Amino acid sequence: MSFPISRPRRLRSSAALRDLVADTRLDVRDLVAPLFVREGIDAPQPIASLPGVVQHTRASLRQEVRALADLGVRAVILFGVPSIKDSIGSEAYNPEGIVQLSLRDLAEDVGDRMVLMADLCVDEYTEHGHCGVLDGPAGDPRTSVDNDATLDVYARIAVAQADAGAQVVAPSGMMDGQVGAIRAALDAAGHRQVAILAYSAKYASGLYGPFRDAVDCAIAGGGDRKAYQQDWRRGEREALLEVRADLAEGADMVMVKPALAYLDIIRAVKAEVDVPLAAYHVSGEYSMIKAAAANGWIDHDAVATEHLTAIKRAGADVILTYLTRWFAEAQQ
Ligand code: PBG
């Protein structure tokens, strides 16, 4: 007597059958490529902790984005690395700042076939490295981020990015009221079409380490962002408070970040919202795959595909990932 083959098992018996019944299909059109552009360099600079990712010049960024468009990628999100930093991050709203100049380049090159997104924050632009304006001297333990003063800066950045051609602005600083302040500023400046992708549930994660090398935004004096980014010991109830607040203020899309350690949060947010949900597969998640693969400990392509598919399976409609170019090329 033999044990009957189970129904799920029967459907695993060939590659074609597995493809036919797959629930989750990753598509290049789901992905957003995060890209770094640095002021004042004349050749792209590698980022040691993010193998395969570079700080672009304006010219190399244009080439990269054209190549991505030709590979079928639909969206990019820009991060700027300015030459000059100050206490409030004013280069972030300078019309001649590196992100604004690059948005103009890209709008001209691919504006008709790609979504141009801009990360909206000041940590790359402040000399202290915080995501906002401080209410006292940097490094003093009594100093914290001044939420409302920061909103004024964010509003100016949003308008500068929209003026330069951003179709989506993505506030990542976790300030209270940031989505409402940005929406009001965009509308007042005549940018009613520009959408807001809110980094709504963003955790104070150790997985942002390589990103901080990429944009040189380590907090001066070794501080952290735990007073504004979420504590990962808290769960979906807190995440949903953040998401609902952003939706009430007018967020067009919401994001959970990082992704893999937060699949429970992705799933909970997906069940709650009726706007598109993004997840950010962050720098540390990417670098862990690259490092283990470089050691021959895991198969890069297998793990990268498994991870991105898991993020989509949990409920993400859109995935921001440094793997975008690799995935797009693998699909050709
Ligand atoms: C803040 C911002 C960060 C990331 C995206 N936007 C860094 C932080 O909050 O410390 C991290 C992205 C990554 O790790 O890939 N502007």
Practice problem: Sort THR24, THR57, THR321 so the one with the fewest other Cβ atoms within 10 Å of its own Cβ comes first. | Solution: THR24, THR57, THR321
Exercise. Starting from one equal scatterer on each C-alpha and no solvent at all, send me the Debye-based log10 I(q)/I(0) for the range 25-330 at q = 0.13 Å⁻¹, two decimals.
Key: -0.89
Quiz item: Which GluC sites (Glu not before Pro) does the range 100-205 hold that lie in a coil by DSSP with at most 10 other beta carbons within 10 Å?
Solution: none
Quiz prompt | Dipole-positive endmost among HIS307, PRO46, SER287 within the chain (Cβ charges, Cα centre) | solution = HIS307
Quiz item: Shape of the range 166-216 from its Cα gyration tensor (a ≥ b ≥ c, root eigenvalues): rounded if a/c is under 1.5, otherwise prolate when a/b > b/c, or oblate?
Solution: prolate
Practice problem: Enumerate the residues in the range 240-279 having an amide nitrogen under 13 Å from the point lying 7 Å beyond the Cα of ASP224 toward its Cβ. | Solution: none
Practice problem: Please give every one of the lysines within straight-line cross-link reach of LYS257, meaning a C-alpha to C-alpha distance under 18 Å, and leave out same-chain neighbours fewer than 8 residues apart. | Solution: LYS202, LYS226, LYS270, LYS312
Quiz item: Against the longest alpha carbon principal axis of the chain, how many degrees, from 0 to 90 and to the nearest 10, is the axis of helix 98-110 turned?
Solution: 50
Quiz item: Tell me, LYS290, LYS257 in order of fewest to most beta-carbon neighbours within 10 Å?
Solution: LYS290, LYS257
Practice problem: Within the range 1-102, list the trypsin sites (Lys or Arg not before Pro) lying in a DSSP loop whose Cβ has at most 16 other Cβ atoms in a 10 Å radius. | Solution: ARG12, ARG25
Quiz prompt | the chain - mean residue ellipticity at 222 nm from DSSP helices (-39,500 (n - 2.57) per run, n ≥ 4, rounded to 500) | solution = -11500 deg cm²/dmol
Practice problem: Would you mind ranking GLU272, GLU329 by Cβ crowding within 10 Å, fewest neighbours first? | Solution: GLU329, GLU272
Practice problem: Quote the charge dipole size of the chain about the Cα centre in Debye, to the nearest 20; the model charges only the Cβ of Lys and Arg (+1) and of Asp and Glu (-1). | Solution: 1480
Practice problem: Choose one of GLY136, HIS191, ILE298: the residue whose Cα lies farthest towards the positive end of the charge dipole of the chain (beta-carbon charges +1 Lys, Arg; -1 Asp, Glu; about the Cα centre). | Solution: ILE298
Practice problem: Just flag the trypsin sites (Lys or Arg not before Pro) in the range 98-145 sitting in loop per DSSP whose Cβ has no more than 12 other Cβ atoms within 10 Å. | Solution: ARG113, ARG142
Practice problem: Positive end of the charge dipole of the chain (Lys, Arg +1 and Asp, Glu -1 on Cβ, about the Cα centre): tell me which of ASN94, GLN230, ALA16 has its Cα farthest that way. | Solution: ALA16
Quiz prompt | Centre separation in Å (Cα based) which lies between the range 151-196 and the range 67-90 | solution = 16
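Read the figures in this text as sums done on the coordinates, not as results from a lab. What you see is a predicted model; the values in this text were computed from it and never measured. Counting neighbours? That spans all protein chains shown, and the Cβs are built from the backbone with ideal geometry, glycine included.
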